[in-house]
Structure formats: C-alpha cells, structure tokens
Amino acid sequence: MSRVRQPPLVTGISPNEGTSWTKVTIRGENLGTGPADLVGLSICGHNCLLTAEWMSASKIVCRVGPAKDDKGEIIVTTKSGGHGTSTVSFKLLKAEKIGILDQSAVWVDEMNYYDMRTDRYKGISPLSLRPSNPLGIDFDKGKVPLKDLEALFPGVSGEFTSENFSATWYLIENHSVTSFDQLRMAASNLKKQATKKNEGSLAYVKGGLSTFFEAQDALAAIHQRLESDGTERVEGSMTQRLENVLNRASDTADTLFQEVLGRKDKADSTRNALNVLQRFKFLFNLPLNIERNIQKGDYDVVINDYEKAKSLFSNTEVSVFKKVYAEVETRIGALRSLLLDKLLETPSTLHDQKRYIRYLSDLHASGDPAWQCISAQHKWILGLMQNCKEEFINYQRGELNTLGLGAIALDLEGDPRPSAFSRIRDTAPLSKGGILHTPRHSTWHYETPQQVQFVEKLSDVVIGQLPNFWKLWISYVNGSLFSETGEKSGQVEKSKKNARQRQNDFKKMIEEVTHRLVKLVRGALLPSTLTELELKLYGGWENKTELTGPWLTQVIHTVRVIFEALVALEIPNDLLQVIQDLLLELRHHCLLVTLHHTADDVKRVAEKEDWVVDNEGITSLVFINCLEQLSTKTDRDIDTSHMSVDLASPNLFSGIQEDFCPTLEQRLLIILSNCQYLEKHTFLNLAEHFEKHGFTGTEKITRVTVHAVKELDESLFDAYIERKSDPIVGSLEPGIYAGHFDWRDCSTPTGVRNYLKEALVNIITVHAEVFTVSKDLVPRVLTRIIEGVAEEMSRLMQCVSSFSKNGAIQARLEIDSLRDAVASYLSSESQ
C-alpha cells in the first residue's frame, strides 16, 4: 500500500505582484511528483495550468492570467496530494499604457485593432497612448472661442504634446470654470506623477526582474547540464556554442532593429512633413489664394487671411515659414498699390471710395489714403470746372463746330439727378420776350446763350460732385470711414486726429472750389468785376449781345440752386458768403438791365402816383422799393438771417435824405411803415385803377398781394421785436438778483430797484426810436415788448419759493410800478 502524500502547500511566490501575463515562480512543498501529477493551478481565481511548467516538487513557473480579482491566493492541485493551500497571496496590477517617453525593459509593439472596412489590422500610434487627462480632474470647459485663444496666445498651442505647449491656454480651454479646490487637487496629482517619474529608474528595474530571473534560470539549467556531463571538454563546447548563439542572436537583433528603426525614422520624418503641410497648409496656399481672390475682387477675404497669417507667422524663426510669409508680404504690397490706384481713379462713387479707404487702412498702408483721396477729388473737381469753361469758349470760337455742342457734355456718370437744363426747361420756360420761339425742328441748345448753358453745366458739375466730396470729409472727421458702427478703435482715433490737424487745409479746398465757381460765373456774366489777371484765367467770352433780363433770371435761379444744395450739406456760411455776394450782384445787374429798358414807364408811373411824405415814415419811391422787395422775396424767403443783405441795398432808401443814415432797426421800421401804407392805400388805388380800365380778377390779385405783404410785415416785425425785446427781457433776471438779493431776507423797501428803472429806460428808448420813424407803429411795437416783459416777470415771481414780509412788499411795489408806467400799452395778456 502506497504512502499517502500531503496536500500541496504554497509558501512563496516571486514576484508577489504584477500585471496580467507576468511570469512568476511558485515555491512550496508537495507541489507534485512530476508534470503529469500537476492537474490544477490558479492564481487570483484564474486558471494558469496552460502556462505552468513543473520544475520540481518545490518549484513551479507559470504566467499570471487576466484574473478578475485584484488579490488572491495561489492554489496548486495534484493527483497525489489533492487540493492544496497557500500561505501567501498575489496582487494583480492593472496594466498601464506605456507612453512614448516612458522607460520599458521590453519592446512595446504598437497596439493593433481590426478595421472592418478594410478587412485588416491597423496599428495605433504611440501618441494615442498619451494620457487624455493629465490633471486627473473632470473637464469643465467654458465658452472661450478658439479664435480668441489664438489671438491671445500667438505661436503656442494648448496640446500638451506640442513643442509650443502653453499651460495657460490648456487651463483656459479645459478648466476655465473649474473651482479652486479642483485645481488644487489637480496640482497634487501632478506632483504625484512627477514623484512617480523620479522613481522611474527603480520601477524600470522592478519591471525587468522577471527577465533577469529567466536569464538566470536559463544559465543555471545550462550549468546543471554541464555538471551532469562531467567533462571539461563538453563544458567548453557548450559554452562556446552558447556564446555563438548569443552572438548570432545579437547580430540578428541589431540588423533587424536597425532596419526597423531606420524605416520607422523615415516614416516618422515623412509623417511629420505631411503633418506640417497639413497643419500649415493655410500659409503654404496663401500666396496663390491671395492672387485668386484679388482677381475675383474678394478683397475682404484677402485682408482676413493676411491678418490671420500676420498674427501667426510674422515673428516666426522657421526659415521655410519666413520664405512663404515674405512672398505673402510681396503680394499684399502689390494689393496696396492696386487699391491706392483704384482709390485715386476719377470719377468714382462715394461708396467705392469709402470701401477702398477701409481696405487700405486694414492693410496698414503707409501715409493717409483718406486724405490722398480727398486731395485727388479736389483737384479733379477744379479740373472739371475749368475744362467746362474751356470747352464752351472753344465751341464759341468755332473750334468745336464740327463736333457740335454734344461734345461739351462732361462725363458725370452715376449722378441720378436731372441736369440743370432739364430742371430749367421743365420748371421755368421762357415766353414772350425770350428767344425760345424757334422753328419746329431747331434744338433748344442752339437758342440758349452760351453763357447760360455754361452756368447750367457748371451747376451740374458742382451739384454732382461737391456733395460727395463734402460727405467724404465728414466721414473722415467722424471716423466712419474705418468703423460703420462708430465704435472707438485705433484707426478711428487716428483719423479724427488727422482730420483736426487738416481742418484748415480742407477749408481752403472748399474756399478754392467756391471761389473758382464764382469767378467762372463772373467771367461769363460780370467780367467787369474781375482783374486783368483773373480775366485771362476765367474770362475769354465773346459777348456780342448783352443777356436780357429773363436769361439773367435763369442764371440767378441756377446759382440759387447751387447755393441751396450746398446749404443743405450744412457747409458753414462763411464758406458760402462769396456765392451770396455773387447772387446779390447778379440781382443788382439783372435789375439794372431790366430798369434800363423800362425807365420811361417807371418815371411816368412815379410822376402820377400820390406819394406820402418822408416824415410819416414812408419813402418817396415806395412803389418801386416795394416791388423790388417783393421780387427778392422768392430768393430770400424773408429769412431774417439774410435781412442785413437785403436791407443793405441803397435802392430801398433812395427817397430818404442823403445826410440820413438809418440803422438796421430803423430800416426795419421804415419797411414796416411802407408795408402798412401799401396795404391801406397803394394796393387799393391800383385795384380801383384796374377796375376802371376793365381788368378782371382784381379782387383775387389784391387778396394774394395783400397776403404776401402781410407775411412780409409779420416777418419783419418779429425780427424787430426780437432785436429789441430780447435784451430788455434778458436783463430782468440778472438785475433782480444783483448783489445776491434774496426775497426771503431783504431790508425794508425804499423804492423800486435799479433793474426796473433800467428796463423802463430801455422801453422809453424803443418808444422814441419807433415814434421818430412812424408814430402809427408805436402801440403795436410797445404792446408786444410789454407782453414779453410781463411774461418774464411772471415767470421770475413764480420761481420764488417763498417771500419774507419785506420781500413781498418789494415785489408788489415793483410790479405795481411797472404796471402803472406802461398802462397805456397793456394788453389783456400782459395784464
């Protein structure tokens, strides 16, 4: 009967921890009588019998399988001893991925995966083994756009495997809203990883222990075999054979790995080159894209691409990038020149000018493109005006006879407004007395005097070009050339600064244009007002016949159209004063020409009319003066701001004594007196005269005429009251509170104060002035002035929060004194 053996007992395992497929050596007692006796081996619950190698009754070598349990016993089962036990345990570690920079004692193949689309295995780059979350905390991304990060950190990247890695970029991109505690935990994780890397050498040695043990076991087995042979000759032979095998293995490994590593290096170089081309294809393709977009006119795309390339590669140290970026700069320089040429081309629309200026500004062109454009437009407008005159004069001399007047038409494309010819023809056709009574097939152009046509064409030039010129300057001043929304930027502030420095220069440009306009018109119509030098430049007209009144009226209307168009642009009045002076002289010239032909009729009318004498405030030539004033009404629209120009005409006061020089206020009063006389006497006498001779419709004529005179009377009266009443009313409030006067703390009243006395003296002065010109106007003027004074006193008293007893007495005394002093001119409103 055979002796019963004890069950297997595992007393040691080396190493006692490791990952799956780690080779371990199990030591113990009663581990079997041979390989056939070993029927079971499990480590941490995983069957390892397939990899087990029985060495002796006290030693077994095997590899640990992928067990589910992290730690467990080593159980050996034999036929002779049965199911054994273990006094030690094995700890199964999770396999860690080996990064591209980690140490390893064995060769690490690239991981493979099966691609069902291509039906083959594909390798995974070691870059995929990098940790996806190096901080060890959850991602908490904010809403920071990638474009903003690229602008804030040019030349760097948030990819931690990149050579230009930026930790700030990585934190903003992945942890912009992470709490401080989480970030502190991430810092602790980084410290642990750093400590682990510092211990890398020791871990490297530990990881290679199994390899060292295998080599030692192999050498021990060879040594045992040599000992069993017992001869020195065999020992030497086996040692030599082992050495040869090892040398051949080493040579084969070197050859193999050199070839593999060489191919790998070449593949890596190719891959890196392709990655560079793919990553920076924007830069490499940019010169060609710039050329294509310029040809298509997509300047916005070119500018955006250039700004992006400039922010990324302007300071690069890479030679290939420098070369490509230099080519980009060359193309952009050519684009700047192209845009500047387009900007300075004439004619061009305001929209195109603004667009090209903005492009040049975005491209950081040298100089000031906006001012260059303004200067070019200024020279072009002056050239158009001068060429217009030269072409008309050449035509007048017969040099353009073969071409006809159509050759004079200037190139003003893009102006949608009707020409001055069509405006005049549609709105004010000439009738009897003109020269429009032409044969059926003759053209209107040939019947119009050359000077009139010239002024009309000059009007088209100025009205068509000067508004855009002025708007371009306004955009330059307020910075809208560079920002549509008006937001502040460096370019906008720079534009405003340049505009402030060049205000005087632009003012001179506008003055030059208006003076050129006026001198060209004077040279055609009023040559006697120019010097000899100016006549050579702006004259040269052959005035065979003097223009008649109707044609001069057309010219005045055209010049007024120019003036109104420039006023609508809000050009300062001082720059347009020369045009106002020209209008005044043209009216005067037109009036003289007209009166020259009607002098006899005017004299007969003046001799028969029963005029009122001067001491009643009526001028002796009131009928002629009134007609002149009404004739200028449509030109001035009774605007009091121009009243100084209208009233300065000497013809208005031709009936007053030569030694009498009335002031502006006296002139207003004289015209008011004339208006009253016209309304009450002259128009009624004319109506009776017309009815006596059988004219019909005199009632309507009288009504319209009287209404026009009343409107003129009201405008002039308001102008006079404004000049006289405002100073009196304005002096009340400062006078009341002079000397820090306080209604709540004042002394006992002794009389009215000086401010009221001063106001009464001013009222008396107005009374004397009005009475000197026309006593009939005194009640009307003083009543209106008293109403203004009463309204102001009422307002001032209502503004007082409280009165003391003396203050109330003082206020009552002054109000009663004022009321009693002007009682004769109190209206219901002023009372």
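For the range 36-58, which positions are within 15 Å of residue 82 (Cβ to Cβ) and either exposed (fewer than 14 other Cβ atoms within 10 Å of the Cβ) or not aliphatic (A, V, I, L, M) (or both)? Within the range 36-58, 37, 40, 42 meet the criteria.
Among the conditions (1) open to solvent by 40 Å² or more (accessible area, probe 1.4 Å); (2) among the small types (Gly, Ala, Ser); (3) modelled with pLDDT of 80 or more, residue 654 misses just one, which is (3). Here are the criteria: (1) crowded, with 17+ Cβ neighbours inside 10 Å; (2) among the aliphatic types (A, V, I, L, M); (3) at pLDDT below 80. Tell me which single one residue 729 does not satisfy. All conditions pass for residue 729, except number (3). Out of the residues in the range 369-387 meeting the condition of being buried (at least 19 other Cβ atoms within 10 Å of the Cβ) and of a type outside the set (Val, Ile, Thr), tell me which one is nearest to residue 453 (Cα to Cα). Restricting to residues being buried (at least 19 other Cβ atoms within 10 Å of the Cβ) and of a type outside the set (Val, Ile, Thr), the top hit is 385. Here residue 828 meets the list (1) assigned to a helix (DSSP H, G or I); (2) outside the structural domain of residue 665 (by the TED database); (3) not β-branched (Val, Ile, Thr) almost entirely, failing just condition (1).
Somewhere in the range 735-754, is a residue closer than 30 Å to residue 671 by Cβ and either in a helix (DSSP H, G or I) or touching a strand residue (DSSP E or B) at 6+ places or on another chain (Cβ under 9 Å) (or both)? Looking through the range 735-754, none of the residues is closer than 30 Å to residue 671 by Cβ and either in a helix (DSSP H, G or I) or touching a strand residue (DSSP E or B) at 6+ places or on another chain (Cβ under 9 Å) (or both). Please enumerate the residues belonging to the range 679-708 that are of a type in the set (Phe, Trp, Tyr) and either open to solvent by 50 Å² or more (accessible area, probe 1.4 Å) or without any contact (Cβ under 8 Å) to a residue 12 or more places away in the chain (or both). 690, 695, listed by residue number.
So how many residues does the range 445-479 have that are outside any helix (DSSP H, G or I) and within 20 Å of residue 353 (Cβ to Cβ)?
1
Screening residue 490 against (1) of a type in the set (Gly, Ala, Ser); (2) surrounded by fewer than 18 Cβ atoms within 10 Å (Cβ to Cβ); (3) modelled with pLDDT of 85 or more leaves a single unmet condition, (3). Comparison of 822, 761, 770 shows that the only residue that is open to solvent by 70 Å² or more (accessible area, probe 1.4 Å) and within 28 Å of residue 719 (Cα to Cα) is 761.
Sort out which residues of the range 57-93 are farther than 24 Å from residue 37 by Cα and in a strand (DSSP E or B), and write them in order of number. Answer for the range 57-93, where residues must be farther than 24 Å from residue 37 by Cα and in a strand (DSSP E or B): 71, 91, 92. Tallying residues that are within 12 Å of residue 85 (Cα to Cα) and part of a strand (DSSP E or B) within the range 3-26 yields 4. Filtered by the rule that a residue be open to solvent by 40 Å² or more (accessible area, probe 1.4 Å) and farther than 26 Å from residue 508 by Cβ, the range 528-580 gives 528, 542, 543, 544, 545, 546, 548, 550, 553, 557.
If you go through the range 735-749 and keep only what is open to solvent by 40 Å² or more (accessible area, probe 1.4 Å), over 14 Å from residue 797 (Cβ atoms) and touching a residue at least 40 places away in the same chain (Cβ under 8 Å), you end up with 742, 745, 747, 748. Looking only at the range 688-700, residues that are part of a helix (DSSP H, G or I) and out of contact with any helix residue (DSSP H, G or I) (no Cβ under 6 Å at 6 or more places or on another chain) come to 5 in all. Note on the range 709-726: among residues that are of a type outside the set (Gly, Ala, Ser) and closer than 16 Å to residue 790 by Cβ, the one that is most open to solvent (accessible area, probe 1.4 Å) is 726. Looking across 703, 723, one residue alone is farther than 16 Å from residue 814 by Cα and out of contact with any helix residue (DSSP H, G or I) (no Cβ under 8 Å at 6 or more places or on another chain). It is 703.
Any residue at all in the range 672-687 that's part of a helix (DSSP H, G or I), modelled with pLDDT under 85 and aromatic (Phe, Trp, Tyr)? Checking the range 672-687: at least one residue is part of a helix (DSSP H, G or I), modelled with pLDDT under 85 and aromatic (Phe, Trp, Tyr). Selection of first residues in the range 272-300 that are within 19 Å of residue 323 (Cβ to Cβ) and of second residues that are surrounded by 14 or more Cβ atoms within 10 Å (Cβ to Cβ) and of a type in the set (Gly, Ala, Ser), restricted to Cβ pairs under 7 Å at least 6 apart or on distinct chains, gives the following pairs, ordered by first then second residue: 283/309; 286/309. The residue of the range 81-94 that is nearest to residue 40 (Cα to Cα), among those that are open to solvent by less than 90 Å² (accessible area, probe 1.4 Å) and out of contact with any strand residue (DSSP E or B) (no Cβ under 8 Å at 6 or more places or on another chain), is 82.
The values are calculated or read from the model by the stated rules, or taken from the named source; none is laboratory data. If you're wondering where the values come from, they're calculated on a predicted model, not measured in any experiment. All Cβ positions, even for glycine, are placed from backbone atoms using ideal geometry, and neighbour counts span all protein chains on display. The accessibility values were calculated without ligands, DNA or RNA, using every heavy atom of the protein model including side chains. Shrake-Rupley method; radii C 1.70, N 1.55, O 1.52, S 1.80 Å.
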